[in-house]
Structures are given as C-alpha cells and as structure tokens.
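The values are calculated or read from the model by the stated rules, or taken from the named source; none is laboratory data. These numbers were taken from a predicted model, which means no experiment stands behind them. Cβ atoms come from the backbone with ideal geometry, glycine included; neighbour counts cover every protein chain shown.
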Amino acid sequence: MGRVLNKNKVVIFTGAGISAESGIRTFRDSDGLWNEYLVEDVATPGAWARNPELVLNFYNDCRDQMTSALPNAAHKAIAELEEKYEVIVITQNIDDLHERAGSSNVIHLHGEISKARSSLDETLIYDIGKKRMTKDDTCELRSPLRPHIVWFGENILNYDEARNYIKNAARVLVVGSSLSVYPAAGLLKKASFHAEKGIISLEVDKVPYGYQFKRGKASNLVPCIVESWLNRERAF
Ligand code: NAD
C-alpha cells in the first residue's frame, strides 16, 4: 500500500542559486567560487591540516559576504508559505537567508557559516555570528575551532531527518541547485510518487524522475509557485 501523504506538508529544497540574487556567488556557475579557489586548498580536511589559516580566511571572506547579504523575493515567498502549510526548508546553503526571511524550520545539510565547531568533538557547536575566526580560537576542550561546514569527503548533516520529511511531503519544490552534489541531491528521489514535485533553476545536471523543471530566476518564479500553493492550486 502507498504512503498516505499529509496535504499540509511542504518541503523546499534549496541550493546556492536561490542566494545568487542576494549577491552570494554560487560554486559552479561561470562566475562561481570554484573558478577562483581550488577545492582541495580550502574545503577538505587535508586543507585544514596543511594550512588552517588559508581555510579560515576563505570562510571568513564567505562569512563577511553572506552575513551582509539580504534575503530576496524567493526566500521571502518561501517563508510566506507557513501561513497555510507546515514547511520544512532543506538547504545545501551555508548562509542564513532562509532564517532571516522568516522560515522557522530550516535543515542545513552542509553546515552553517555563522557557526564554528570543535575540531575534537563535533557536537560542540558555537554561534559566532559575523565574527572572523583566527587560528587561536579554541573550544572548551582547548582544541582549535573550525568552521561548522561539511567539507568534501565528510558526511552531510541531518540526512535521516531530511529524508523523513521529504518522504512524507505532498509538495516538493527544488530551487537553485545544480543537483550535482551527492548525497544531498539523491534525497529528492525519496519523495513520494504522488507528491507534486518541481524544480526551478537556470540549469540542472539531470531532472530526477517525476519532477517538472521550470527554467528561470528564483526571484521571478518562486513567488508565483507560492501564490498558487497558497490558493491550494497545483503549480507544476
Ligand atoms: P551549484 O553552485 O552547484 O548550482 C547552483 C545552481 O543554481 C545552478 O544550477 C544554477 O543554474 C542555478 N542558479 C543560479 N542563479 C540562479 C537564480 N538566480 N535562480 C535560480 N537558479 C539559479 O549549487 P548547489 O547545487 O547548491 O551545490 C553546491 C554546494 O555549494 C552546496 O553544497 C552549497 O553548500 C555550496 N554553496 C553554498 C552557498 C550559499 O550558502 N549561499 C554559495 C555557494 C556554494
């Protein structure tokens, strides 16, 4: 027997593209961050072991940029969905623009730029807000603090929780992800066959089975989708 979906549950799955119009660069577009930095120099456990200062400076610059950016129309529209739905935002983003737009349930799969964690005990996580980190910052165990970011080669966070939400959602909207980073992108396959499922992006690697793709900018298209859903109409 198929799963009984709760019509009130909505999952929004987002990637770097939703924050692009807030002025935060994506990783893979032509002006993306990976054209300027080598992944292995700044976003791997090996990079941290070799040159922690370079890693901290990279994330300090990301933090400066992300904490001074503002939520755009797409982040705000998603927050409005809470007027009528139980909404879970599952994001690959490390910025906090969903929270600042008013979304109350945000699951970060790849960490959060405004947090640091112990390099000895990953359960020791600290809010650092806009602060720039230095190599002298330590946790309560006196171990160096590292950015609370999932680096290449590390496990993503909150996977089981995200999978459970997506399995039971009646509506799933994907915004601004190339769907090329796994296992995060693989979560979309856990959605129900019966759920209404759509993707908004400029480009995607491969449209997963059962999803409808609309090409366009998040700030133009997301408010239209949200309006339809608030009127209890289908959008895809
Ligand atoms: P990605 O860089 O691989 O892909 C971004 C996608 O967004 C592309 O498909 C692109 O076509 C689309 N896009 C660009 N501008 C758009 C717009 N205005 N409207 C709609 N779509 C737009 O990003 P990803 O899939 O999220 O995966 C990359 C990883 O990069 C993630 O793990 C994430 O943690 C990290 N990242 C995060 C941020 C952030 O927190 N804002 C920024 C850069 C990278």
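Collect the residues in the range 184-194 that are within 11 Å of the ligand (Cβ to nearest atom) and not in a helix (DSSP H, G or I), keeping them in residue-number order.
Ala184
Restricting to the range 111-169, what's the tally of residues that are more than 21 Å from the chain's Cα centre (by Cα), assigned to a loop (DSSP other than H, G, I, E, B) and small (Gly, Ala, Ser)?
Counting residues in the range 111-169 that are more than 21 Å from the chain's Cα centre (by Cα), assigned to a loop (DSSP other than H, G, I, E, B) and small (Gly, Ala, Ser) gives 2.
Starting from the range 20-47, keep only residues that are under 19 Å from Leu179 (Cβ atoms) and among the polar types (S, T, N, Q), then list their pairs with residues that are assigned to a loop (DSSP other than H, G, I, E, B) and modelled with pLDDT under 75 whose Cβ atoms are within a distance under 8 Å, requiring at least 6 positions of separation or different chains.
Once the first residue is under 19 Å from Leu179 (Cβ atoms) and among the polar types (S, T, N, Q) and sits in the range 20-47, its partners that are assigned to a loop (DSSP other than H, G, I, E, B) and modelled with pLDDT under 75 give Thr26/Gly32.
Being buried (at least 24 other Cβ atoms within 10 Å of the Cβ) and under 22 Å from Lys130 (Cβ atoms) is the filter here; which residues of the range 64-88 pass it?
Scanning the range 64-88 gives a single hit, His75.
What are the residues in the range 48-73 that are in contact (Cβ under 8 Å) with a residue 60 or more places away in the chain, out of contact with any Phe, Trp or Tyr (no Cβ under 6 Å at 6 or more places or on another chain) and under 18 Å from Phe27 (Cβ atoms), if any?
Selection gives Tyr59, Asn60, Arg63, Asp64.
When you go through (1) touching a helix residue (DSSP H, G or I) at 6+ places or on another chain (Cβ under 6 Å); (2) modelled with pLDDT of 95 or more; (3) among the hydrophobic types (A, V, I, L, M, F, W, C) one by one for Ala69, which number turns out not to apply?
Of the numbered conditions (1) touching a helix residue (DSSP H, G or I) at 6+ places or on another chain (Cβ under 6 Å); (2) modelled with pLDDT of 95 or more; (3) among the hydrophobic types (A, V, I, L, M, F, W, C), the odd one out for Ala69 is (1).
Can you work out which of the residues in the range 170-183 that are assigned to a strand (DSSP E or B) and under 14 Å from the mean Cα position of the chain (by Cα) is nearest to the ligand (Cβ to nearest atom)? Steps first, please.
Here is the first cut: in the range 170-183, the ones assigned to a strand (DSSP E or B) are 170-175.
Imposing the further condition that a residue be under 14 Å from the mean Cα position of the chain (by Cα) reduces the set to 173-175.
Numbers: Leu173: 12, Val174: 9, Val175: 6 Å.
Among those that are assigned to a strand (DSSP E or B) and under 14 Å from the mean Cα position of the chain (by Cα), it is Val175.
Determine the pairs where a residue that is within 13 Å of Val174 (Cβ to Cβ), located within the range 210-221, has a partner that is of a type in the set (Gly, Ala, Ser) and near the ligand (Cβ under 10 Å from one of its atoms) with Cβ atoms under 6 Å apart, the partner being 6 or more residues away or on another chain.
Qualifying pairs under 6 Å: Ala218/Ala74; Ala218/Gly176.
Can Leu54 be described as surrounded by fewer than 18 Cβ atoms within 10 Å (Cβ to Cβ), more than 13 Å from the ligand (Cβ to nearest atom) and either closer than 22 Å to Ser178 by Cα or not β-branched (Val, Ile, Thr) (or both)?
yes
How many residues does the range 87-112 contain that are within 11 Å of the ligand (Cβ to nearest atom) and either among the hydroxyl-bearing types (Ser, Thr, Tyr) or modelled with pLDDT under 95 (or both)?
Residues flagged as within 11 Å of the ligand (Cβ to nearest atom) and either among the hydroxyl-bearing types (Ser, Thr, Tyr) or modelled with pLDDT under 95 (or both) within the range 87-112 amount to 1.
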